[in-house]
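Worksheet: the structure to be examined is printed underneath.
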Amino acid sequence: MPESIRDLRNAWRPDDPHVEEALRDSEVVRSRLLYDSSNYVFLVDLAHSAHGEGLAVYKPQRGERPLGDFPYGTLHLREIATYEYARLLGWEIVPPTLEREGPEGAGSFQLFIEHNPADHFFELRDREELRESLIRVAVFDLLANNADRKGGHVLLDGAGRLWCIDNALCFHSYEKLRTVIWDFAGEQLPEPWQHDIRRVRDCLRAADPSTDALRACLHEREVEALIERSTELLANPVLPEMYPWRCVPWPPI
């Protein structure tokens, strides 16, 4: 990649009211392949007539590597699903992400988060001010059934907020949790978080219109499995110990 990640600047912010419009309706003026990714991933410069310029991470559907367990062509939709699920919960931990056309066809566009790549999970986990945010990420990954939470997938922005990226291997209907974040086993979920999980679970059960965007990204059985995981966690709202089977991704960063 021509520039260092830490030197890139994004004019758009996750909490900008126009950020989704900017991501969806902007013109791609430059696209650069990120060579260290297992699938085709591009850093794209975007320009919008009303909102100026910004940066996004573009993952085209046709650049996805076939996997033995996740249906081919669904990984970009799972990236979008994690954003939609986090938004339903009211947990701002996944950067704005949506589906649109790009130079390589339809794919996910996720707002690029300015960060220092050296500040990955293993460097952040002992910082007391980040403890609650990291526990929330662990809870989110348990619910989303994240099969690939590496240390480098947790970013710290310039304002001190944590963000979760590379969420393509989520929401499988079978147990797939693989994460490096096991440090908080035994932690009790705060009651407000339980309320959020219960509210979204009930909306999914009722097929409430607020869940349409999430449901559109997933198979019906995967939605049912999400409801089941939510119910199980609410029955025992404690983060689990490490599982006796494979539960850590490789490489860890």
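The values are calculated or read from the model by the stated rules, or taken from the named source; none is laboratory data. These numbers were taken from a predicted model, which means no experiment stands behind them. All Cβ positions, even for glycine, are placed from backbone atoms using ideal geometry, and neighbour counts span all protein chains on display. The protein model used for the area step is the full one, side chains on, heavy atoms only, and it has no ligands, DNA or RNA in it. Shrake-Rupley method; radii C 1.70, N 1.55, O 1.52, S 1.80 Å.
Structure summary
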read-out: Longest to shortest principal axis, alpha-carbon extents of the chain, angstrom; value: 49, 40, 37
read-out: The chain - mean residue ellipticity at 222 nm from DSSP helices (-39,500 (n - 2.57) per run, n ≥ 4, rounded to 500); value: -9000 deg cm²/dmol
read-out: Charged-residue dipole, Cβ positions (Lys, Arg, Asp, Glu), the chain about Cα centre, Debye nearest 20; value: 460 debye
read-out: Residue with peak Gaussian network fluctuation, the chain [Cα springs, cutoff 10 Å], from Glu114, Glu128, Glu20; value: Glu128
read-out: Cα long-axis angle, helix 220-235 against the chain (0 to 90 degrees, to the nearest 10); value: 50 degrees
read-out: Interchain or long-range residues, amide H under 5 Å from Ala56's placed H; value: Val44, Leu46, Phe112
read-out: Nitroxide proxy distance, nm - points 7 Å out along Cα→Cβ at Phe122 and Glu175; value: 2.7 nm
read-out: Convex hull projection area averaged over all views, region 61-164, Cα basis, nm²; value: 7.2 nm²
read-out: Average accessible surface area per residue within region 135-231, 1.4 Å rolling probe, Å²; value: 38 Å²
read-out: Rounded percent of accessible protein surface that carbon and sulfur make up, region 182-253, 1.4 Å probe; value: 56 percent
read-out: Choice from Leu46, Leu33, Leu156 showing the highest fluctuation, given a GNM over the chain with Cα pairs closer than 10 Å; value: Leu33
read-out: Label point distance in nm, Ala206-His219, each placed 7 Å from Cα along Cα→Cβ; value: 2.8 nm
read-out: Solvent-accessible area per residue for region 9-80 (1.4 angstrom probe, square angstrom); value: 53 Å²
read-out: Around Phe121: net Lys/Arg minus Asp/Glu count, Cβ-Cβ under 10 Å; value: 0
read-out: Cβ-Cβ FRET estimate between Trp250 and Ser49, R0 fixed at 30 Å, reported to 0.05; value: 0.10
read-out: Arg199 paired with Glu241, simple spin-label distance in nm, labels 7 Å along Cα-to-beta-carbon; value: 3.4 nm
read-out: Total charge dipole magnitude, region 129-217, about the Cα centre, Cβ charges on Lys, Arg, Asp, Glu only, Debye to nearest 20; value: 200 debye
